[in-house]
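> Take a look at the following structure, please.
Computed from the coordinates by the stated procedures, all read-outs in this text should not be read as laboratory data. On a predicted model such as this, the values are computed, not experimentally measured, just so you know. Virtual Cβ from ideal backbone geometry, glycine too; neighbours counted across all protein chains shown.
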Amino acid sequence: MRLPWELLVLQSFMLCLADDYTLHGPIFIQEPSHVMFPLDSEEKKVKLSCEVKGNPKPHIRWKLNGTDVDIGMDFRYSVVEGSLLINNPNKTQDAGMYQCIATNSFGTIVSREAKLQFAYLENFKPRTRSTVSVRQGQGMVLLCGPPAHSGELSYAWIFNEYPSYQDNRRFVSQETGNLYIAKVEKSDVGNYTCVVTNTVTNQKVLGPPTPLILRNDGVMGEYEPKIEVQFPEMVPTAKGTTVKLECFALGNPVPTIIWRRADGKPIATKARRHKSNGILEIPNFQQEDAGLYECVAENSRGKNVAKGQLTFYAQPNWSQKINDIHVAIEENVFWECKANGRPKPTYRWLKNGEPLLTRDRIHIEQGTLNITIVNLSDAGMYQCVAENKHGVIFSSAELSVIAVGPDFSRTLLKRVTLVKVGGEVVIECKPKASPKPVYTWKKGRDVLKENERITISEDGSLRIINVTKSDAGSYTCIATNHFGTASSTGNLVVKDPTKVMVPPSSMDVTVGESIVLPCQVTHDHSLNIVFTWSFNGRLIDFDRDGDHFERVGGQDSAGDLMIRNIQLKHAGKYVCMVQTSVDRLSAAADLIVRGPPGPPEAVTIDEITDTTAQLSWRPGPDNHSPVTMYVIQARTPFSVGWQAVNTVPELIDGKTFTATVVGLNPWVEYEFRTVAANVIGIGEPSRPSEKRRTEEALPEVTPANVSGGGGSKSELVITWETVPEELQNGRGFGYVVAFRPYGKMIWMLTVLASADASRYVFRNESVRPFSPFEVKVGVFNNKGEGPFSPTTVVYSAEEEPTKPPASIFARSLSATDIEVFWASPMEKNRGRIQGYEVKYWRHDDKEENARKIRTIGNQTSTKITNLKGSALYHLAVKAYNSAGTGPSSATVNVTTRKPPPSQPPGNIIWNSSDSKIILNWDQVKALDNESEVKGYKVLYRWSRQSSTSVIETNKTSVELSLPFDEDYIIEIKPFSDGGDGSSSEQIRIPKISTAEKVLELDVVLAAHHWSELKATGLYTLK
């Protein structure tokens, strides 16, 4: 017979087993929030939201001001899916604090409290307000006195039926509704009405008007500011909210308002100022915004200060919630919740919605709850409540107490456990049981006793070390507590250990070689074996790194590694790892890779002169092969990449880390790098040194290609190629131009202080045309003068020809071509003649648009082409040389011939016979404006050739003797005095095959035979 509490335990356990994953206590999805309900709302219904999940489905009930809401007694209340609906809400009956309570078989939780308020705004009382009488220049306050209301209000004023605007003289407080006028003026006389708006209901009411008049006993004199609107001495502000501080002063003159912090810190840039500085607004209030703020009102008569402390507060916010706990009976429970807030929150605990206090096994200290020796009565829903004066938050969790006998249904012993001889094995025994069971083990039918090799741990696991073959067999774990006993059996199989027979060995290789690292073992062949390799602690990915690494061997006892085309990066530690289901072992080898040296380091320019640089560097890695030599390279802005340079010593051995670079150009910016080499090869270059400029020196390179000539009258033009910047040797580079008449002793010199100068023109009336001069160009810079170029002869400018050509004559060659002739000038020219320039233009065109062609040397005729037919042209000829052109000849006229016929030959017919082609065509008639046809040109060629043959004829037929074994292309065009006319379309005459030739011969023979037969008269025609 079972005890009642045992039956309860079993029932609880069966409930857990029914659905471990879905049965749980209530959890809030949505908790009620504060509601401000407009009393005049047309909806006439309030909803307080509460949504809960749980399994079984929780029952929802509500409390108002701590008392249960009786749904059955008041038809206005209803609960729909957990939310409370109130029909026709009443501000007297329904206003207050509401709380949602959710309950199922696991326990009860309560929501946060939500306040229901009713927003309304009553009318002002209908009484007349007294007239306010003030002196001009005096400050004044008009009281609003809003009627009874609930909900936030906003205020405005109407002045003489128009909205009263706010400026530095007028201010409406949104705290009191009062209107403040800092200094009354004549324009302020009139009626003032306070307008109050409920921001929740948008209801608006107007107060009775207040008349304002001016007294007639004089004007108010100036006085210092008097602050009438000021914020409280203490302003608590919630984190993240927006705070508004008001400040306004009466005074004459009208005071200005300035805001500042008393601690001297600047007010946050996010702060905004409104209404002529009367309102300071700080959005998203944070801890750093708290402090003492001052409002300073000032005018010419003095100033006044109002102060107030902005304090920071924050509602509680969870930093650590409590979570569900499933605990075995008689064990301990510890929960801790933590919340942030300002002031610091206090904590209290609830169980199933009721306060939980310290007693017996339950200990509560702030946010911690400790329950010792848990029993079934402790199961339920727990809530940690954190609160300060600004808010309350709840965190809920479920405590499940498990009481059950041992059960192996989900945690059976491993059916087969493998272990190697000499190894260690642990067989786990983890039944589900509460409270914790007592464990015993059997091997076969015999109870196991603990010894130096066999131990049973507290959690029931069996541990055997130094395993032997005799340890193989079946093992049973028996678990017992005061709710029952259960057991589970598994088998232990003992295998021979794996041994490495041929391990990888350390090797010394050169870049580019390929090697095999062996890894061969003996093992129990009933077990699967897996080989893996690691390189410097990382597994080798044979798919990704297949270019260099490959598994080789082909046997289940061999896992050799091939490394192909070894690079420097492959140097390091290689580990072969062998694994079976009973053991794991490894063997390692070091691979040393010899290769070209790494880049030298820290290349430094220790000293630099105009042509040398002293360098030093540190050796880089030699990659296991000593450095045999170093090479120095340099780069300048003018070089193409890096160039090797000369050094002292000329050959730098591997133990030398300094050298002098020689043969540098002065005043050029250099950077250097070093390259190391060994017997294996040349390594990567070092990083470049800093950039340094060599010192200045006298220039040494002279300009190239000194020449000249040309120019205008009385000029000597001298030209040269500039010296490249990298050869100028210093700043202030320029040229010295020296010249003298040929055969004279004294040089004339001029200095050009520009490195870009490449031309100098000497002008002097004494310079005779085309006179020889000796010329040389020297160089200089800030360090002094350099050498001159070799002397060369340059001629001065020529004089233009002074005489025109004679005997100009022109004739027309065709419709498009004319030829012009002339004779050299009859009289002697002062300027030499290099050639002639022919100018021609059509009669209808302007002479300034004439075209020109030039001849060279003594040529005294030329052909002009691409002209228009039947057109009158004018021509003139001038002699020219390098100085220009001479006077023009007399103008001659010539008319081009009529254009050739535009009509091509038509109706072309061809016949072939006896290797001949006979062509016939229609005669071409020239038009009135065209040249008469003088004959025809027949152009023919093989289709495979580009060269064309031409036959001329004055008939309209031609006979061509051509072989028949080729295709021919034939064209026909007329010609005339105006040139060749339009050509016919191309005619293609195909080659004649052998069969066609035989047929032609048969036809000829048949015709001959017929004529003979006809002569005899022995024939009859039917």
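> From the C-alpha coordinates alone, can you work out the Kirkwood hydrodynamic radius of the stretch 786-918, in Å?
Over the stretch 786-918, the inverse of the mean reciprocal pair distance is 18.0 Å.
> Determine the distance separating the Cα centre of the stretch 47-91 from the Cα centre of the stretch 216-249; give it in Å without decimals.
Cα centres, the stretch 47-91 to the stretch 216-249: 47 Å.
> Around Asn781, what is the net charge, scoring Lys/Arg as +1 and Asp/Glu as -1 over all other residues with Cβ under 11 Å from its Cβ?
Every neighbour counted, the sum reads -1.
> For n ≥ 4 DSSP H runs only, could you compute -39500 (n - 2.57) per run for the chain, divide by its residues and tell me the 222 nm figure to the nearest 500?
Calculated mean residue ellipticity at 222 nm is -1500 deg cm²/dmol.
> Apply the Karplus parameterisation 6.51 cos²θ - 1.76 cosθ + 1.60, with θ equal to phi minus 60°, to every residue of the stretch 889-904 and state each ³J(HN,Hα) to the nearest whole Hz, in sequence, with x for glycine and proline.
6, 5, 7, 10, 10, 8, 10, 6, 6, 4, x, x, x, 8, 8, x
> Something else now. When Lys and Arg each count +1 and Asp and Glu each count -1, what net charge do the other residues less than 12 Å away from Trp747, Cβ to Cβ, add up to?
+2
> Where the centroid of each part is defined by its Cα atoms, how far is the stretch 684-734 from the stretch 603-653 in Å?
Centre-to-centre distance over Cα atoms comes out at 27 Å.
> Could you tell me what fraction of 2.2 N^0.38 Å the Cα radius of gyration of the stretch 679-820 comes to, as a two-decimal ratio?
1.72
> Determine the gain in length on full extension of the stretch Ser130-Lys344; use 0.36 nm per residue of separation and subtract their C-alpha separation, reporting nm with one decimal.
Extending this stretch completely gives an extra 71.9 nm.
> May I pose another question? For a protection proxy built on the mean count of beta-carbon atoms within 10 angstrom, sort 735-741, 140-146 highest first, please.
Those peptides, ordered most packed to least, come out 735-741, 140-146.
> List the trypsin sites (Lys or Arg not before Pro) within the stretch 180-248 that DSSP assigns to loop and that have no more than 16 neighbouring Cβ atoms inside 10 Å.
Arg215
> Label Thr176 and Glu952 with points 7 Å out from Cα along Cα→Cβ: what is the distance between them in nm?
Reported label-point gap for Thr176 and Glu952 is 12.6 nm.
> For the stretch 485-494, in order, what is each residue's ³J(HN,Hα) by Karplus, 6.51 cos²θ - 1.76 cosθ + 1.60 with θ = phi - 60°, in whole Hz (x at glycine and Pro)?
9, 8, 9, 8, 10, x, 10, 10, 10, 9
> Quick one: if the Förster radius is 45 Å, what FRET efficiency do Arg618 and Ala753 give, using the C-beta to C-beta distance and rounding to 0.05?
0.45
> With each label point set 7 Å from Cα along the Cα-Cβ vector, what nm distance links Leu292 and Asn168?
Taking the simple label geometry, Leu292 and Asn168 are separated by 2.9 nm.
> While we're here: Would you work out if the stretch 165-239 is rounded, prolate or oblate? Take a ≥ b ≥ c from the square roots of the eigenvalues of the alpha-carbon gyration tensor; rounded if a/c is under 1.5, else prolate when a/b is larger than b/c, oblate otherwise.
Oblate, because a/c is 1.5 or more while a/b does not exceed b/c.
> Against the longest principal axis of the chain, how steep is helix 994-1016, in degrees 0 to 90 to the nearest 10, with axes from Cα atoms?
Tilt relative to the chain: about 50 degrees.
> Further, regarding this structure: So if R0 is 25 Å, what FRET efficiency would Asp914 and Lys991 give, r being the distance between their Cβ atoms, rounded to the nearest 0.05?
About 0.95, to the nearest 0.05.
> Consider just the alpha-carbon atoms of the stretch 507-653 and return their Rg together with their Dmax, both in angstrom.
Rg and Dmax of the stretch 507-653, Cα atoms, are 23.5, 82 Å.
> Once the Cα gyration tensor of the stretch 762-815 is diagonalised, what are the square roots of 5 times its eigenvalues, in whole Å and ordered largest first, as equivalent ellipsoid semi-axes?
47, 16, 10
> Taking just the alpha-carbon atoms of the chain, what radius of gyration and Dmax come out, in angstrom?
My reading of the Cα-based Rg and Dmax gives 59.1, 170 Å.
> Another question about this same structure. When the Cα centres of the stretch 811-833 and the stretch 288-352 are compared, how far apart do they sit, in Å?
That distance is 112 Å.
> Also, quick follow-up: Taking R0 as 30 Å, what's the FRET efficiency between Glu161 and Asn202 from their Cβ-Cβ distance, rounded to 0.05?
Here the calculated transfer efficiency is 0.85.
> Helix 4-18 sits at what angle to the longest principal axis of the chain, using alpha carbons and giving 0 to 90 degrees rounded to 10?
10
> By the scheme Lys and Arg +1, Asp and Glu -1, what is the net charge of all other residues having a beta-carbon under 13 Å from that of Leu448?
Charge balance near Leu448 sits at +3.
> Taking H as built 1.01 Å from N, whose amide H comes closer than 5 Å to the amide H of Gly96, not counting residues under 5 places away?
Leu116
> Something else now. For the stretch 114-240, what class follows from the C-alpha gyration tensor (a ≥ b ≥ c being the square roots of its eigenvalues): rounded when a/c is under 1.5, otherwise prolate if a/b is larger than b/c, else oblate?
Judged from the Cα gyration tensor, the stretch 114-240 comes out oblate (a/c at least 1.5, b/c at or above a/b).
> So, one more: Quick one: 3J(HN,Hα) in Hz for the stretch 658-675, Karplus 6.51/-1.76/1.60 with θ = phi - 60°, rounded, Gly and Pro as x.
Once rounded to whole Hz, the list reads 9, 6, 10, 8, 10, x, 7, 8, x, 6, 10, 7, 10, 9, 10, 9, 10, 10.
> List every residue whose amide H lies under 5 Å from the amide H of Asp610, counting only residues 5 or more places away in sequence or on a different chain, with H placed 1.01 Å from N in the peptide plane.
It is Glu695, by chain and number.
> Let a ≥ b ≥ c be the square roots of the eigenvalues of the Cα gyration tensor of the stretch 228-379; is it rounded (a/c under 1.5), or, if not, prolate (a/b larger than b/c) or oblate?
prolate
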